[in-house]
Amino acid sequence: MNEAETRAEHVDPALKAAGWGVVEGSRVLREYPITLGRIEGYGRRSKPLIADYVLVYRNHKLAVIEAKAWDEELTEGVAQAKQYAGKLAIRFTYATNGQGIYGIDMDNGTEGEVPHYPAPDDLWKRTFAKQNAWHDRFATVPFEDKGGYFQGRYYQDIAVERVMEAIAVGNPRILLTLATGTGKTFIAFQIAWKLFHSRWNLSREPSRRPRILFLADRNILADQAYNAFSAFPEDALVRIEPDDIRKKGRVPKNGSLFFTIFQTFMSGPPKDGKPSPYFGEYPPDFFDFIVIDECHRGGANDESNWRDILNYFAPAVQLGLTATPKRKDNVDTYAYFGEPVFIYSLKDGINDGFLTPFKVKQISTTLDDYVYTPDDKLIEGVIESGKRYTEPDFNKIIEIKEREAHRVKLFMDLINQNEKTLVFCATQDHALAVRDLINQMKSVTDPNYCQRVTANDGALGEQHLRDFQDNEKAIPTILTTSQKLSTGVDARNIRNIVLMRPINSMIEFKQIIG
């Protein structure tokens, strides 16, 4: 009897007898894909991790089962069962050959043969020994999967569960550390979905819907989040923008999910000669839950004015999202939020096959520093004789057009010019110059082949970005930018990233790659 027959004739009936798939709220997921398998190139991937069975009850994954053929040893699947349970952060896992059941408790390390599979309620009580009313209430709200069209990845589910557990026990400050590109906004959406539909709020009584604030440091991130939350009722979503506040003369308060950037909240006309930021127009306890996107970029820094916002809304439960592990330059973030409840690194994402591996190709020129000589022609500005200008000075203090033209030609010759490419430049003016050079050297005839997307480009730049993100559109093929897109942007069709400015921070490098 092979594995498929063993599962059909012995494992499936045993699960049904225990109530799985029978008891309301219980489900049996067969051939559950955990990872996609690392991308190896040339259209190939390494072997994905696929669990034979995952047992779900009350919207929680509670157990994994690894099945083997009838004539295999009972414990042949134990190593895989432990691997899958560890990956999914599930406490109980089982191995079977149809003749017996071998159970493992991943928390206390006990293992051995068991007479039958536990019933859904029994497994729930063993997994969640401590009763918590809000934990149970959150469990009644399923993940929003857009009618089955969108399934969360395993680590996203874990991140959501860890945050919900922290909220249930009353933690006021929560931190998630996940690499850029792993879906932090999707995770924030699922958390908000559970809070909204369970009617959680600061009173800890389900008497009203919560008021949730999503704070970012760039409009592009706030807009992405606003669009990602489209499954919520339209009248629940509010995009806070300074023009609307000035037009109406007050901050918006009717809604459940509010989206804005730090800069908007910090602005506001002075009153009686004193600063009067817009966030002060809300009562300190107005928001029940606040999500701070890219929180390492200054929101939790003691020296930052942004910290004023977080301190003002101190009663709210605050969730920080960051792509960077603890380092010297973001220690304030970790001091403010505490240790992360879940970490998923760039390496994890690449090994699991959810992120694309990258290769770094360095291109050097013969002009990486410069000292002015009288033979050189100064076109405009003032130059300091005898000063050695180095890489950080180029395209900020000094510009040598021939050097930039040579560098653009180098990378244009190396890439497939039909593949989408992002070029990070030193300044907005540098991005403009590089855009023009690319369009002058391109082999493509379309005049919109390369566009600049920076703060100066406004709504037109945003449209160029949307066209670039659209997989159905080939133009623009290349975007130049400076800082605007360095914190991550949803564009899954990029083949090349060109860095034409020094990246002195591993944090920023990983964000750009992500």
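Some notes on this structure:
- Quarter of Cα convex hull surface for the range 117-209, i.e. mean projection, nm²: 7.5
- Tensor-based shape of the range 64-126 (alpha-carbon gyration tensor, a/c under 1.5 rounded, otherwise prolate or oblate): oblate
- Cα gyration tensor shape for the range 107-166, rounded if a/c is under 1.5, else prolate or oblate: prolate
- Using the Cβ-Cβ distance between ILE415 and LEU74 with R0 set to 51 Å, the FRET efficiency works out to roughly 0.40.
- For the range 154-250, the calculated P(r) over all alpha carbon pairs, in 10 Å bins from 0 to the bin holding the longest distance, is 13, 42, 35, 10, 0 percent.
- Subset of LYS130/LYS184; LYS247/LYS271; LYS47/LYS347; LYS47/LYS68; LYS248/LYS271; LYS247/LYS274 violating a 20 Å alpha-carbon distance limit: LYS130/LYS184; LYS247/LYS274
- As computed over the range 46-197, the Cα convex hull volume per residue (Å³): 146
- For ILE261, distant residues with modelled amide H under 5 Å away: ALA216
- ARG204-ARG246 pseudo-label distance in nm [points 7 Å out on the Cα-to-Cβ vector]: 4.4
- Centroid-to-centroid separation of the range 105-157 and the range 408-472 [C-alpha atoms, Å]: 47
Read-outs throughout are calculated quantities, based only on the coordinates presented, and are distinct from any laboratory measurement. Since the structure is predicted, the reported quantities are computational estimates derived from the model, not experimental observations. Please note: Cβ atoms are built from the backbone with ideal geometry, for glycine as well, and neighbour counts cover all protein chains shown.
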